[in-house]
Amino acid sequence: MEFTLDIELVRSVLRSEHASAVSDLSQRGALRAVRESLIRQDQRLLAAPDAESLACKPGCAWCCYFTVDVRAVEAFSILDFIEQRFTPDQKASVYAEIRANSRKFRALDESDRVTFNNKCPFLMKSECSIYAVRPQSCRNYHATDSAGCQQSFESPDDLDIDPEFAPGVFQVGGAHVEAFSAALTKLGYDTTAYELNSALNAALSEDGARDRFEARQSPFLSLVGDEVFPQYDDLGP
Ligand code: SF4
């Protein structure tokens, strides 16, 4: 789907989010900064010029079977939320699902990962169980007609399916994430994009992952991320 770039809108989001994120990262730390940035992201998406055209609504979860990418700081934020909000049984169940999903991704080659449908471990009764801390990419994913999302779900090998989206929401969301990542980079933090389950599994299983992140090093020794999907080295759990 083609659209016209709204340069002023994108620049305004980039400038504003970058300034807020740099300030928060410097003064409040990365975990607090990402929580604040996620709140601003939702506010910006809601205020986008075409936000009212979205078909997304509670209970519609076709996109929660698609591959999700996260930054390390988002993975740590999600794990903190789970520790605070989930019962012991819920934690055990979701951690087991994360481990199983991580093994599935590990067994796939890069092209198969692109077309892999897999239920997100946080999708419960057709709703997101970590909604307040769901990843940036989940917040940005949207459609103006859920039929396209359903079609992508039902035909994951067909990469020509292009669900209709809202250009304003798309540009605002993309600029917001770019600006937050640029702020992380400016402060020296890892901004690699990791597959969600793989990042969470690494954060749970690797000693010192959070310390390495705070020390501005690569947090996950078992993963090397790229734009969307992880590459595993020989140290993987
Ligand atoms: S984190 Fe939540 S919104 Fe994102 S894919 Fe999982 S269930 Fe869906």
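The values are calculated or read from the model by the stated rules, or taken from the named source; none is laboratory data. Please read all numbers here as calculations on a predicted model, not as lab measurements. Heads up, the Cβs are rebuilt from the backbone with ideal geometry, glycines too, and the neighbour counts pull from every protein chain shown. Remember, those area values only see protein heavy atoms, side chains included, never the ligands or the DNA or RNA. Shrake-Rupley method; radii C 1.70, N 1.55, O 1.52, S 1.80 Å.
Do we have any residue at all in segment 10-30 that's assigned to a loop (DSSP other than H, G, I, E, B) and at negative phi?
No, because not a single residue in segment 10-30 is assigned to a loop (DSSP other than H, G, I, E, B) and at negative phi.
From the list 229, 213, the one residue that fits, being modelled with pLDDT of 95 or more and surrounded by 16 or more Cβ atoms within 10 Å (Cβ to Cβ), is 213.
Could you tell me whether residue 168 is surrounded by fewer than 16 Cβ atoms within 10 Å (Cβ to Cβ), small (Gly, Ala, Ser) and at pLDDT 95 or above? Criteria not met by residue 168. When residues in segment 40-90 are screened for being assigned to a loop (DSSP other than H, G, I, E, B), free of Cβ contacts under 8 Å to residues at least 12 places away in the same chain and more than 16 Å from the ligand (Cβ to nearest atom), 1 of them pass. Across segment 147-156, not a single residue is classified as open to solvent by 40 Å² or more (accessible area, probe 1.4 Å), among the hydroxyl-bearing types (Ser, Thr, Tyr) and in contact (Cβ under 8 Å) with a residue 12 or more places away in the chain. Of the residues making up segment 147-198, those that are of a type in the set (Gly, Ala, Ser) and closer than 28 Å to residue 117 by Cβ number 10. Taking segment 129-152 only, how many residues are within 12 Å of the ligand (Cβ to nearest atom) and either hydrophobic (A, V, I, L, M, F, W, C) or in a helix (DSSP H, G or I) (or both)? Qualifying residue count, segment 129-152: 10.
Per the conditions (1) surrounded by fewer than 18 Cβ atoms within 10 Å (Cβ to Cβ); (2) polar (S, T, N, Q); (3) touching a strand residue (DSSP E or B) at 6+ places or on another chain (Cβ under 9 Å), the sole criterion not satisfied by residue 67 is (1). Scanning segment 1-58 for residues that are among the small types (Gly, Ala, Ser), open to solvent by less than 40 Å² (accessible area, probe 1.4 Å) and farther than 25 Å from residue 126 by Cα yields 20, 21, 29, 30, 33, 37, 48. Sub-9 Å Cβ pairs linking a first residue in segment 1-22 that is closer than 17 Å to residue 48 by Cβ to a second residue that is open to solvent by less than 80 Å² (accessible area, probe 1.4 Å) and of a type in the set (Phe, Trp, Tyr), at least 6 apart or interchain, are 1/165; 3/165; 17/180, ordered by first then second residue. Within segment 104-122, the presence of at least one residue that is modelled with pLDDT of 95 or more, within 15 Å of the ligand (Cβ to nearest atom), open to solvent by 40 Å² or more (accessible area, probe 1.4 Å) and on the phi < 0 side of the Ramachandran plot is confirmed.
Is it fair to say residue 93 is modelled with pLDDT of 95 or more and closer than 25 Å to residue 116 by Cβ? Spelling it out, residue 93 is indeed modelled with pLDDT of 95 or more and closer than 25 Å to residue 116 by Cβ.
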